[in-house]
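The values are calculated or read from the model by the stated rules, or taken from the named source; none is laboratory data. From a predicted model like this one, the values you see are computed outputs, not experimental measurements. Cβ sites come from the backbone with ideal geometry, for glycine too, and all protein chains shown count toward neighbours.
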Amino acid sequence: MSTDRSTGTGARGGAAGESLWVRRFHPVEAPAARVVCLPHAGGSASFFFPFSAALAAAGRVEVLSVQYPGRQDRRDEPPLASLPELADGVHRALRGWTDRPLVLMGHSMGAVIAYEVARMFEREADGVPLGLIASGRRAPSVHRVENAHRLGDKEFLDEVRSLSGTASRLLEDEEIVRMILPGLRADYRAVETHEPAPEPLLRCPVGVITGDADPRVTPEEAQAWRRHTTGGFHFRVLPGGHFYLNDHQASVADTIGEYVAAFAKETSATG
């Protein structure tokens, strides 16, 4: 497989080539758009490998997957302590990739980061991003008190396991737990203590995907993303819990492709 880590050997070079944040697993020649995928708390860029493969196979959309500090090949870096720090790092890393329309897609914590990065781009220029896709996350205006990051290690890990995410399979190995626990707890602290500002609203369209049995977000809480954009809005509910993506990879990839096409049409109609 291709694992272009954007370290100067990929097709871009320049600002993109200097970044450790971006992974391009399946380069696409002259893509119509790029989808930037931002992982959940404790997640890594490789979580989105199947979606990258599926979208690249269609030949029109290229996926860039974000690698946060403190995990996998960046495990020697300290994890960033706040969500604004994470969003700022992602924003800076993506500045070299705007030669193609960018769609920001995040799952869970990644959706909140994608939202903040979208607002950063919109403060700088019109047309970036092309759209935002929020997966498995309630709208920023819907508040829940969450303090999992304050729990003891056992209780904290039980909470992570309850969501049945990719990391759950790794939490049976004590050595791996010791390695990933600081970054995982830092992610939870970052997203649980973050309070998004209510304004400004996004100008770009927003698409939402959520699981019908997600304990972290109800369909109504996910649909409230409609209140955060002056652009178009798209909404889809799939069967499953917080990590419904793992059981419906083909459907998720198809939905992402449909949303990107819809964003392009809406932008063209209003441009």
> For segment 225-262, how many residues are among the aromatic types (F, W, Y) and surrounded by 18 or more Cβ atoms within 10 Å (Cβ to Cβ)?
Replying inline: 4
> On the given criteria, is A53 small (G, A, S) and either touching a helix residue (DSSP H, G or I) at 6+ places or on another chain (Cβ under 8 Å) or at pLDDT 95 or above (or both)?
Replying inline: yes
> Only one of these conditions is not met by P50: (1) touching a Lys or Arg at 6+ places or on another chain (Cβ under 6 Å); (2) closer than 18 Å to L245 by Cβ. Which number is it?
Replying inline: (1)
> Quick one: which helices (runs of 4 or more DSSP H) sit completely within segment 14-103 and have at least 2 residues that are more than 16 Å from the chain's Cα centre (by Cα) and farther than 18 Å from G207 by Cβ?
Replying inline: 14-17, 49-58
> Any idea how many residues of segment 165-198 are aliphatic (A, V, I, L, M), modelled with pLDDT of 80 or more and not in a helix (DSSP H, G or I)?
Replying inline: 1
> Mind checking which pairs have a first residue in segment 252-271 that is over 17 Å from L202 (Cα atoms) and a second that is basic (K, R) and modelled with pLDDT of 95 or more, Cβ under 8 Å, 6 or more apart or different chains?
Replying inline: T255/R236
>> Quick test for you: out of T193, T218, T255, pick the one residue that is closer than 17 Å to S108 by Cβ, out of contact with any strand residue (DSSP E or B) (no Cβ under 9 Å at 6 or more places or on another chain) and among the β-branched types (V, I, T).
In response: T193
> Being free of Cβ contacts under 8 Å to residues at least 12 places away in the same chain and either in contact with a Phe, Trp or Tyr (Cβ under 7 Å, 6 or more places away or on another chain) or over 16 Å from P39 (Cα atoms) (or both), is that true of even one residue in segment 206-220?
Replying inline: yes
> Which residue pairs have Cβ atoms closer than 7 Å, lie 6 or more positions apart in sequence or on different chains, and pair a first residue in segment 98-111 that is under 24 Å from R137 (Cα atoms) with a second residue that is surrounded by 24 or more Cβ atoms within 10 Å (Cβ to Cβ) and of a type in the set (D, E)?
Replying inline: M109/D187
>> I'm trying to understand the selection: among the residues of segment 199-238, which are of a type outside the set (S, T, Y) and under 15 Å from E122 (Cα atoms)?
In response: E199, P200, L201, L202, R203, C204, P205, V206, H228, G231
>> Residue under question is R185, and the condition is that it be in contact (Cβ under 8 Å) with a residue 24 or more places away in the chain, closer than 21 Å to A81 by Cβ and surrounded by 22 or more Cβ atoms within 10 Å (Cβ to Cβ); does it hold?
In response: no
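The rows are residues; the columns are (1) modelled with pLDDT of 95 or more; (2) among the basic types (K, R); (3) out of contact with any Lys or Arg (no Cβ under 8 Å at 6 or more places or on another chain).
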residue	(1), (2), (3)
Q67	yes, no, no
R74	no, yes, yes
P78	no, no, yes
S82	no, no, yes
A87	yes, no, yes
H107	yes, no, no
A111	yes, no, no
A114	yes, no, yes
> In segment 51-73, which residues are surrounded by fewer than 17 Cβ atoms within 10 Å (Cβ to Cβ) and farther than 25 Å from G127 by Cα?
Replying inline: A53, A57, Q72, D73
> Among the candidates A118, A148, A139, A114, which residue alone is in contact (Cβ under 8 Å) with a residue 40 or more places away in the chain, crowded, with 24+ Cβ neighbours inside 10 Å and more than 16 Å from S44 (Cα to Cα)?
Replying inline: A118
